[in-house]
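Have a look at the structure below, then the notes.
The values are calculated or read from the model by the stated rules, or taken from the named source; none is laboratory data. Computed from a predicted model, the values in this text were never measured in an experiment. Neighbour counts are summed over all protein chains in view; Cβ atoms, including those assigned to glycine, are modelled from backbone coordinates with ideal geometry. Surface accessibility is based on the protein's heavy atoms, side chains included, excluding ligands, DNA and RNA. Shrake-Rupley method; radii C 1.70, N 1.55, O 1.52, S 1.80 Å.
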Amino acid sequence: MLNKHKLQYITSIIAILIVMTGCFGLKKIKDGKTAFDTKQYAIAIDLLLSDFEKTNNKQTKSRNAYMLGVSYGYLEETQQAIEWLKKAVRSDYGAIAELELAKAYKKNGDYKLAIKSYEIMRHAVNDTRLIDREIFVLNEVIKWGNVIDQSVSINLLNENSGYSEYAAVIYNKDLIVFTSDQGESTGNESYNWTGNKHSDLFVMMKNGSNVKRFDASINSKFNDGTACFSKDFQEIIFTRCITSVNSDAFCELYYSMQSEGVWSDPKKMSFFEGEQVNVGQATFIEHDSVLVFVANRQEGQGGHDLYYSERLFSDDGSISWSAPSIMPPTINTKGNDMFPSGDGDTLYYSSDYLEGLGGLDIFKTWLLPNGQWVPPQNLKKPINSSADDFSYVVDNFSKLRKGEIQKGFFTSNRKGEGKEDLYSYVRKGTKVLVEDPNTIKIEADKILEVYFAGKTKQVLYMDDFDPTSRKNLNGTLANCKVEISNSDTLIVIESDANGQFILQLERDNKYKIVLSKNGFFNEVSEVSTYNLEYPPNQISTTINKAFILDRIFENIEIDLDNIYYNFNKWEIRDDAKPTLDSLSTLLIDNPQIKIQLSSHTDCRGEIDYNQVLSQKRAESAVSYISQKGIEYSRMIAKGYGESAPSVICICNDCTEEDHQKNRRTTFKVLN
């Protein structure tokens, strides 16, 4: 049986798109399997073809056929990938070959054949939910596969070569900067994943003429690409993937500024310092105040996810960036979510998990006034195809003719001149959809998904030793333990450096959530996934909730409000019970703590009498709480009489307000 986690990575994206997949790009290899394992697919194909012909061992042939199919898939030779994966399936390589074949069929636009492969896989997996989702999406795609946005026309740029050209961005209003691995790239070495040279940034006129390498201070002998510019074109952020012989290659974002026409030496932007995380594909939004980019951290939904960071200005005028935050699961999915670009309040990006035509499809979303993102909308045909479509950018500097409302560029590896090609598009003012009238809405009982997005915060205090000095705002609390459970499941995760966590829950269920961190009281809550409302035509919804944890002030007394006793009595009055009930809940939620319950009197009356009365009142409070199921061993009753006043004053001079403050019941957490 195929492990269900292997199904979560629905489609892989090729390295020449600089999608941040590490590999031993320079390692010497001697056989096809080693080349395949080290992601040197261009070399692997030649060696695997030879190995396939040489061996008569059925199992080895089957394995080689599978590796050939996957290798051709990574190099965008989809038809070749299909043929070899079919051989692997026929020779009983296993369910993983059928999965790859289904993905290849989908990417080739063979939706009915893809459904057939997924149907076969349903008998080979324990958990069919992801398979059912893919089958459902494919059926939906067939229904609206003929939907064409008649307001959009596209054009393949003339200067596309037999190499890859992709990820165009506007530069200096009249130019575009793009990424390519064509023969003019810097350096002499080949990139063994593709067999071509390492990628560089290039610049050309918008019509595709006068192609030149971009600035020499930006391009290097490594993979450079997927750039973005500030609105004044004086800042560039781009991706660089440094390949090493002895270790995996990891991609990072680099930053450079232009002064008097000269670009500064690029500096690495260390967003995840110390982590082996691939980062890249940045874009500016919100007037260059926010940077959205892609990373493949384990905390994400799966594959590559979108993150954002805010620009910070210090008193000396220097610029820095905030710690990254992951975008919400409305945007990020279990697949790959990548190639973001911004246009005003609209965010464009590509996903291979959302309902699409195959491979990466381009989607758009935008922020609502309440801070929520609109569910992503597929741009449909002709922008999207069954192949990979990405890097959609709006050209706000182009001249619009009558009836035109938008121009721009995007990238696709549909049949063109090379592997990936640049396309221009024109969008006109009237939008007409040609759609199958039998299109139906999503069947809610099949594949609706629920995500829970939480943020852990803390109460802030002016004085670290005074629990009464609470501020009127809360701060982020990082790395909290999060335990989410229902009747038969326990999930344990941790919030990230920004206090955020995301996970998927089951529908029609109720969960208990316990958040904990050393030095803080636990926060306990519940979440229900019954009777949820879903956005129109969407297959997922997100529950958002913030959790605020309070500090534990050990051995510091905290007053319990509204604990009153009748004169000369120690029995718990009804108006005191709600406060003691809340304290009982605190003890239930925090089984790790012990407390001392203390009672104080004012200075009036005999000292010995006040001491005895306060002790009985403290014991009475402990006895009441024990009836809620709290063990006596976790509580100490202590009567102080008049010996520890809150307000120090000469008894005859104390005001009635002073006496009232001194008559109090308190608790403190013992260390």
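Could you list, in sequence order, the residues of segment 352-373 that are touching a residue at least 40 places away in the same chain (Cβ under 8 Å), more than 28 Å from D110 (Cβ to Cβ) and of a type outside the set (S, T, N, Q)? Outline the logic, then answer.
So the first thing to find is which residues in segment 352-373 are touching a residue at least 40 places away in the same chain (Cβ under 8 Å), and the list is 352-353, 355-360, 362, 372-373.
If we keep only those that are more than 28 Å from D110 (Cβ to Cβ) as well, we get 372-373.
Passing the criteria: only W373.
Which one is modelled with the lowest pLDDT among residues in segment 519-542 that are in a loop (DSSP other than H, G, I, E, B) and surrounded by fewer than 10 Cβ atoms within 10 Å (Cβ to Cβ)? Break it down stepwise before answering.
In the first step, residues of segment 519-542 are kept if they are in a loop (DSSP other than H, G, I, E, B); the result is 519, 521-522, 529-539.
Within this subset, residues satisfying the condition of being surrounded by fewer than 10 Cβ atoms within 10 Å (Cβ to Cβ) are 530-531, 533, 536.
Working: Y530: 88, N531: 82, E533: 74, P536: 60.
Among those residues, the one meeting the criterion is P536.
Criterion first (more than 19 Å from P376 (Cβ to Cβ), part of a strand (DSSP E or B) and without any contact (Cβ under 8 Å) to a residue 12 or more places away in the chain) does L312 satisfy it? Explain how you work it out, then say what you get.
Numbers: more than 19 Å from P376 (Cβ to Cβ): yes; part of a strand (DSSP E or B): yes; without any contact (Cβ under 8 Å) to a residue 12 or more places away in the chain: yes.
Answer is yes for this residue.
Working only within segment 327-363, note down all residues that are on the phi < 0 side of the Ramachandran plot and more than 17 Å from the chain's Cα centre (by Cα).
Applying the first criterion (on the phi < 0 side of the Ramachandran plot) to segment 327-363 yields 327-338, 340-343, 345-357, 360-363.
Correct list: G342, D343, D345, T346, E355, G356, L357, L360, D361, I362.
Does segment 639-671 hold any residues that are open to solvent by 70 Å² or more (accessible area, probe 1.4 Å) and touching a strand residue (DSSP E or B) at 6+ places or on another chain (Cβ under 7 Å), and which are they?
Hits for segment 639-671 are R663, N671.
Name the residue that is farthest from I543 (Cα to Cα), counting only residues in segment 481-501 that are of a type in the set (A, V, I, L, M) and open to solvent by 30 Å² or more (accessible area, probe 1.4 Å).
Of the residues in segment 481-501, the ones of a type in the set (A, V, I, L, M) are 482, 484, 490-493, 497.
Subset that is open to solvent by 30 Å² or more (accessible area, probe 1.4 Å): 490-493, 497.
Details: L490: 19, I491: 17, V492: 18, I493: 17, A497: 21 Å.
Going through the qualifying residues, I end up with A497.
For the subset of segment 111-137 comprising residues that are among the charged types (D, E, K, R) and not in a helix (DSSP H, G or I), which member is least open to solvent (accessible area, probe 1.4 Å)?
Here is the first cut: in segment 111-137, the ones among the charged types (D, E, K, R) are 112, 116, 119, 122, 127, 129, 132-134.
This time we only want the ones that are not in a helix (DSSP H, G or I), so: 122, 127.
On the way: R122: 81, D127: 38 Å².
Step by step, filter segment 111-137, then rank; the result is D127.
Given (1) under 30 Å from T579 (Cβ atoms); (2) open to solvent by less than 20 Å² (accessible area, probe 1.4 Å); (3) hydroxyl-bearing (S, T, Y); (4) out of contact with any Ser or Thr (no Cβ under 7 Å at 6 or more places or on another chain), identify the lone condition not met by S516.
(2)
Can you spot a residue in segment 494-510 that is within 13 Å of F547 (Cα to Cα), in contact (Cβ under 8 Å) with a residue 60 or more places away in the chain and over 18 Å from the mean Cα position of the chain (by Cα)?
no
Looking at this structure, is Y349 in contact (Cβ under 8 Å) with a residue 12 or more places away in the chain and open to solvent by less than 10 Å² (accessible area, probe 1.4 Å)?
On the way: in contact (Cβ under 8 Å) with a residue 12 or more places away in the chain: yes; open to solvent by less than 10 Å² (accessible area, probe 1.4 Å): yes.
Answer is yes for this residue.
Go through D265, D248 for me and flag whichever is outside any strand (DSSP E or B) and at pLDDT 90 or above.
Values: D248 fails: at pLDDT 90 or above.
Matching residue, one of D265, D248: D265.
Of all residues in segment 209-245, how many are at pLDDT 90 or above, surrounded by 15 or more Cβ atoms within 10 Å (Cβ to Cβ), part of a strand (DSSP E or B) and not polar (S, T, N, Q)?
11
Looking only at residues in segment 616-637 that are more than 22 Å from D575 (Cβ to Cβ) and in a helix (DSSP H, G or I), which one is least open to solvent (accessible area, probe 1.4 Å)? Explain how you work it out, then say what you get.
Quick first cut of segment 616-637, residues more than 22 Å from D575 (Cβ to Cβ) only: 629, 631-634, 636.
Checking the rest, the ones that are also in a helix (DSSP H, G or I) come to 632-634.
On the way: Y632: 133, S633: 80, R634: 34 Å².
Result: R634.
Can you tell me which residue within segment 573-608, out of those that are of a type in the set (V, I, T) and crowded, with 20+ Cβ neighbours inside 10 Å, is farthest from the chain's Cα centre (by Cα)?
First, the residues of segment 573-608 that are of a type in the set (V, I, T): 579, 585, 588, 593, 595, 601, 607.
In the following step, the residues that additionally are crowded, with 20+ Cβ neighbours inside 10 Å were identified as 595, 601.
Details: I595: 40, T601: 55 Å.
Here the answer is T601.
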